[in-house]
């Protein structure tokens with residue numbers, strides 16, 4: 001099979017609640033000065049909505065744009081990073097989503113351990129499935145982030161970002177319509193598997209509620225090559241697809257902080273969409289959903305034929321790049 | 001999906017040395033007073049003599065030992081591994097999906113070139129979902145040819161009884177997929193999910209407990225909606241098995257009558273009898289011998305039973321083997337393998 005895979009739908013769903021950065025820092029007993037340089041003014045917060053409800057809403061919107069009935073989906077991939085409404089991996093949101101959407105023909109996949117880069121892993125896996133199995137014509141990729149309440153500031157001693165709630169969804173399908181997924185390059189650094197993780201609530205510390213929060217291990221985090229690992233992946237991707245990096249029109253990266261995002265963009269010598277800064281300011285870091293949100297901004301600013309690069313580094317430690325032609 | 005040309009180069013499993021007899025398990029974990037099994041006596045009829053217990057080993061330790069054994073059996077350099085998949089289906093060392101043991105195993109065995117990721121679907125069907133995904137990825141990536149898939153199961157304390165199904169056993173399994181390997185070739189994988197049943201078997205989790213409740217072990221225990229299981233899962237169980245088995249065979253160009261051997265999960269004596277009856281299998285067409293030895297290893301049953309059946313000479317060279325299972329989610333799956 002040599003059909004191309006296209007992005008047919010792209011949508012996000014955010015809860016209506018909002019908390020200012022001042023409120024978030026004050027609520028966690030932190031000095032507001034620590035937020036300087038993050039480029040985040042507020043984050044979206046749930047008021048009782050479940051992660052699966054946000055995921056279903058984002059999924060419905062993406063499917064509506066794609067003009068694809070849920071019953072026509074072949075596979076649902078969940079690349080959520082946050083703890084889910086029941087304990088993973090024994091429970092996976094993708095199964096509930098299959099039911100809530102009425103996607104009776106879809107089998108389900110849950111991914112773990114890749115942070116925001118999980119979206120690019122999901123794109124790579126979905127593309128692989130769609131191009132090798134003729135019985136599958138479309139895939140839904142979803143992430144729904146519901147960070148541990150009262151622990152939204154990642155590394156309170158030296159904040160690297162602030163986590164917000166929200167869901168993002170992409171519909172991919174074989175065919176001729178929509179931005180074309182050219183390819184994905186991925187890499188993980190197992191030496192930094194515990195750079196950022198939640199220690200409590202699983203088998204090592206089952207009852208440690210005090211450890212039920214994201215912990216950033218600073219030395220390990222610093223040792224992971226992060227943005228530097230993305231550059232060779234982009235070069236690999238460009239070479240594989242005969243693309244001159246200078247012709248890439250837009251760069252889509254996760255919304256970590258204005259400093260981190262600018263550094264990644266500078267390292268790649270590419271420009272984020274104009275809407276990305278506002279996305280980060282208004283929602284904070286919503287893991288894989290950032291990439292959906294910023295891709296939505298990028299495609300709105302792109303002309304037909306423009307190349308958009310999605311690039312990420314995240315927990316795992318996973319780095320990745322996906323090239324899309326609008 | 002037909003995946004010509006990807007075979008299982010090697011496989012291995014690890015059972016921790018610690019063990020408890022079934023009687024000891026039942027003494028520690030009382031059964032419900034009201035049986036829903038009719039004439040079947042869960043404790044007497046289950047057919048499981050003992051289960052292995054991990055003790056101080058973490059899930060990742062079990063996974064890592066199995067992974068090392070599989071890599072050694074495959075006689076490959078870990079640097080050759082392009083994809084490393086963790087298909088563990090119950091909680092690991094740290095909280096999922098934020099963390100997966102894939103990165104830890106990558107670091108420990110030195111699979112520096114691999115993409116390391118956790119892939120699951122909730123429950124034992126993670127084996128087939130990971131297999132299907134890995135085969136598709138290898139097929140779609142001409143530059144890649146080797147994948148290592150692993151799982152490490154450690155049952156939370158006092159949660160070995162999965163009434164009315166089985167007793168959970170600790171252990172790990174792993175296998176190496178390689179393009180062009182001509183043995184145990186994966187011909188097709190079929191998987192079907194009924195998402196309405198997503199919360200029939202589940203673990204609640206520490207953070208999802210009711211307000212005012214203190215942290216306690218049972219929030220990591222497998223819970224069952226027993227009426228839902230009886231009313232919604234059991235009536236369709238064999239039907240779904242037939243659906244995915246026939247679907248996989250059709251994709252591979254075969255029919256049920258062509259199947260030489262079945263590899264099936266290790267649940268209980270009555271479940272094995274029911275499956276054999278429902279699928280009209282002769283006793284020598286399916287591996288059931290492991291039931292007494294160790295009970296249910298979740299998704300690891302697939303590799304453990306395949307390896308044991310092969311080791312005991314029950315699978316002839318070139319046999320057509322169906323590896324099938326089901327799991328919480330609820331997902332039913334089947335893989336057709338040419339041995």
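Any read-out appearing in this document is the output of simple, stated calculations on the displayed coordinates, not a laboratory observation. Computed from a prediction, not measured in an experiment: that's the story for all the values here. Cβ coordinates were reconstructed from backbone atoms using ideal geometry, including for glycine residues, and neighbour counts include every protein chain displayed.
Tabulated results
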item: In nm, spacing of pseudo-spin labels at residue A:32 and residue A:104 (7 Å Cα→C-beta vector); result: 5.5 nm
item: Stokes-Einstein translational diffusion, segment B:243-339 - Kirkwood Rh over all Cα pairs, 0.692 mPa s, 37 °C, in µm²/s; result: 243 µm²/s
item: Taking the convex hull of Cα positions in segment A:134-263, its mean projected area over all directions (nm²); result: 11.4 nm²
item: Solution diffusion estimate, µm²/s, Stokes-Einstein, segment B:280-320, Kirkwood Rh from C-alpha pairs, 37 °C, viscosity 0.692 mPa s; result: 298 µm²/s
item: Residue of A:29, A:74, A:314 that the Gaussian network model of chain A assigns the largest fluctuation, springs spanning Cα pairs under 10 Å; result: A:29
item: Cα gyration tensor shape of segment B:65-195, rounded if a/c is under 1.5, else prolate or oblate by comparing a/b with b/c; result: prolate
item: Label-to-label distance, nm, for residues given as residue A:266 and residue A:134 (7 Å Cα→Cβ offset); result: 5.2 nm
item: Mean projection area, nm², convex hull over Cα of chain B; result: 16.6 nm²
item: Two-site label geometry, residue B:21 and residue B:36: point separation in nm, points 7 Å out along Cα→Cβ; result: 3.0 nm
item: Three-way shape call for segment B:115-160 based on the alpha-carbon gyration tensor, with the a/c threshold at 1.5; result: prolate
item: Relative packing of B:206-218, B:289-301, which averages over residues the other C-beta atoms within 10 Å, highest first; result: B:289-301, B:206-218
item: Kirkwood Rh, Cα atoms: Rg over Rh of segment B:81-147; result: 0.97
item: Euclidean distance between Cα centres, segment A:83-128 to segment A:1-55, Å; result: 19 Å
item: Under 19 Å from the residue A:300 label point (7 Å along Cα→beta-carbon), backbone N, segment A:254-275; result: A:254-256, A:271-275
item: Within the protein assembly as shown, percent of DSSP bridges classed antiparallel, to nearest 5; result: 75 percent
item: Segment A:1-102: radius of gyration and largest Cα-Cα distance (Dmax), Å; result: 17.6, 56
item: Alpha-carbon centroid distance for the pair segment A:284-326 / segment B:181-207, whole angstrom; result: 29 Å
item: Fluctuation leader among B:44, B:132, B:255 - chain B, Gaussian network, Cα springs under 10 angstrom; result: B:44
item: nm² value of the averaged projected area, convex hull over the Cα atoms of segment A:70-154; result: 5.8 nm²
item: For segment A:235-326: span of alpha carbons on each principal axis (Å, largest first); result: 35, 30, 20
item: All-pairs Cα distance distribution in segment A:105-177, expressed in whole percent, bin size 10 Å; result: 16, 41, 25, 13, 5, 0
item: Cα Rg, Dmax, chain A, angstrom units; result: 18.4, 56
item: Compactness of segment A:210-274 - radius of gyration and Dmax, Cα, Å; result: 14.7, 50
item: DSSP-defined antiparallel bridges as percent of all bridges, chain B, nearest 5; result: 75 percent
item: For segment B:220-252 versus segment B:54-130, the gap between their alpha-carbon centres in whole angstrom; result: 26 Å
item: Cα extents of the protein assembly as shown along the three principal axes, largest first (Å); result: 66, 56, 45
item: Whether segment B:163-298 is rounded, prolate or oblate, judged on the alpha carbon gyration tensor where a/c under 1.5 counts as rounded; result: prolate
item: Value in Å of the Kirkwood radius, where segment B:1-136 supplies the Cα pairs that are averaged; result: 17.4 Å
item: Gain in span if fully extended, residue B:242 to residue B:79, counting 0.36 nm per residue against the direct Cα distance; result: 54.7 nm
